[in-house]
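**Q** Below: one structure in structure tokens.
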Amino acid sequence: GDVAAGDATIPLASTAGLAVGDIVLVAESLDNPSFPSAALARGGIFALTEVTEGSVTVDLPLMVGLRAQNGLGEATVVAKVQPIQNSGIEGVQLLSPILTGYRGGVLDFYLADNVFVRDVASTSSFGADVLLSCSRRVLVTESFFDRTQGSAPDGGEAIWIDQLNTRVLVANNIIREKHPALVAQVGSNFVVYAYNFHVDRLADYCHATVDPSCRELEWIRDEERNGIARGWHGIADVVFHGNFPHHYLIEGNVFYNAVFDYHHFENGSGTTVFRNRILGNPEVLTWWMNLYGIWIDGPHHGQRLVGNVLLHDSFITFELHNGPSAAEDTLVAANTLSGAVEWGDLGADADLPPSLYRSCRPAAFGDELAWPPYGPDVAGAADNPIPAQLRYEEILSTE
């Protein structure tokens, strides 16, 4: 039966074989996936908390609701799965071999539950450093994802959150010269991406010098020519890539820009970009997205852009490129652009919470660092460091 948005109980004709504690895949097919394997994109991986003769209840609400059948007459799926559980990868250094073609993930999690990646250094990946699909309760933290052999559209991600993941936390990592750093797509939801520090030395150089070489593609892509890093800047840093990812929280990070693109059609609602320091694409860097800080391209309705500090005169835009129509029901408020707070959809007396997922200061901040680090109500928000940044500066001093 249909399930309203916010409900956690799913009517079923039969619950035979299901029991409290089982892990299930819940998935409604999209009417218009951009590729066949992305069809199952509304739902997620859940634990059953109650089973009756005619329904099951899952451990999180279904934030976009479900139809018993999609517009093509395809039935929504509730299927028991058997994930690999209670595992972790910690204290490992990974150096990828030289590759000549696309690879999915260095660390590839498929049907995993209650797993973690901690204190991992992954260098020179071709595909993603961490690829998540159909998994729940995943923690990725205190790691360093460094440089890439590939560049979009041929790989180069640090974190790729793919199909129908739920309850994912990616926090307090260093991500250097990954293109893009984060890709979100195909229905994942209840994801927090927080306090990660992105580094792109080529972009930083172009911000600082306005060197005209920053418009020369051969110079940008050739580390021997630029003396800095191999770079590719035709895409964004944080990418919502379509086929209906929804209800993400992007909080307290340092990154260059975020894009809700239309390459794989709609991104779902409910994503909040909150209290980040956004460096923007350098004005002189190649020909594409110059000065973009946040870009929503297409009918990605119901996004929330609140309390961010955008530097280097970068801006928020709803310019259409691939998208056929503009986003609706978007909350844009309390963002600092070119040093001035634009209160937008909230009044100047708005009281923003320090965090939207934490009730207290993260332990990694200690007593010395400002928390929250960024926002219109935070002193030094253009410069405040986060723990991952301090770890990176320590690494840099030894390189």
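**Q** Checking Pro36 against (1) open to solvent by 50 Å² or more (accessible area, probe 1.4 Å); (2) more than 23 Å from the chain's Cα centre (by Cα), which single condition isn't satisfied?
**A** (2)
**Q** Select from region 298-355 the residues that are exposed (fewer than 15 other Cβ atoms within 10 Å of the Cβ), under 20 Å from the mean Cα position of the chain (by Cα) and part of a loop (DSSP other than H, G, I, E, B) and list them in ascending order.
**A** Of everything in region 298-355, nothing turns out to be exposed (fewer than 15 other Cβ atoms within 10 Å of the Cβ), under 20 Å from the mean Cα position of the chain (by Cα) and part of a loop (DSSP other than H, G, I, E, B).
Conditions (1) touching a Phe, Trp or Tyr at 6+ places or on another chain (Cβ under 7 Å); (2) within 19 Å of Arg42 (Cα to Cα); (3) free of Cβ contacts under 8 Å to residues at least 24 places away in the same chain, marked per residue:
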position	(1), (2), (3)
Asp119	no, no, no
Ser122	yes, no, no
Ser135	yes, yes, no
Leu139	yes, no, no
Asp146	no, no, no
Ile161	no, yes, no
Arg167	yes, yes, no
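**Q** Looking at the structure I just gave you, is Phe274 within 21 Å of the chain's Cα centre (by Cα), under 20 Å from Phe255 (Cβ atoms) and open to solvent by 20 Å² or more (accessible area, probe 1.4 Å)? Steps first, please.
**A** Values: within 21 Å of the chain's Cα centre (by Cα): yes; under 20 Å from Phe255 (Cβ atoms): yes; open to solvent by 20 Å² or more (accessible area, probe 1.4 Å): no.
No, not satisfied.
**Q** What residue, of His321, His312, is more than 23 Å from Val64 (Cα to Cα), touching a helix residue (DSSP H, G or I) at 6+ places or on another chain (Cβ under 6 Å) and in contact (Cβ under 8 Å) with a residue 12 or more places away in the chain?
**A** His312
**Q** Across region 9-28, what is the total count of residues that are among the aliphatic types (A, V, I, L, M), open to solvent by 20 Å² or more (accessible area, probe 1.4 Å) and within 19 Å of Phe190 (Cα to Cα)? First the steps, then the outcome.
**A** The initial filter retains those residues of region 9-28 that are among the aliphatic types (A, V, I, L, M), namely 10, 12-13, 16, 18-20, 23-27.
Subsequent filtering for residues that are open to solvent by 20 Å² or more (accessible area, probe 1.4 Å) retains 12-13, 16, 18-20, 25.
Then drop every residue that is not within 19 Å of Phe190 (Cα to Cα), which leaves 25.
Selection size over region 9-28: 1.
**Q** Next up: Restricting attention to region 361-399, which residues are open to solvent by 70 Å² or more (accessible area, probe 1.4 Å), part of a loop (DSSP other than H, G, I, E, B) and free of Cβ contacts under 8 Å to residues at least 24 places away in the same chain?
**A** Listed by number, the residues that qualify are Arg361, Asp367, Glu368, Ala379, Asp383, Ser397, Thr398, Glu399.
**Q** Just to check your reading of the model, which residue among Leu279, Leu285, Leu217 is of a type in the set (A, V, I, L, M), touching a strand residue (DSSP E or B) at 6+ places or on another chain (Cβ under 9 Å) and farther than 22 Å from Phe190 by Cβ?
**A** On the way: Leu285 fails: touching a strand residue (DSSP E or B) at 6+ places or on another chain (Cβ under 9 Å); Leu217 fails: touching a strand residue (DSSP E or B) at 6+ places or on another chain (Cβ under 9 Å).
On inspection, the qualifying residue turns out to be Leu279.
The values are calculated or read from the model by the stated rules, or taken from the named source; none is laboratory data. Because the structure is a prediction, the values reported are computed rather than measured. Glycine also receives a Cβ, built like all others from the backbone with ideal geometry; neighbour counts cover every protein chain displayed. All accessible areas refer to the heavy atoms of the entire protein, side chains included, with ligands and DNA or RNA removed. Shrake-Rupley method; radii C 1.70, N 1.55, O 1.52, S 1.80 Å.
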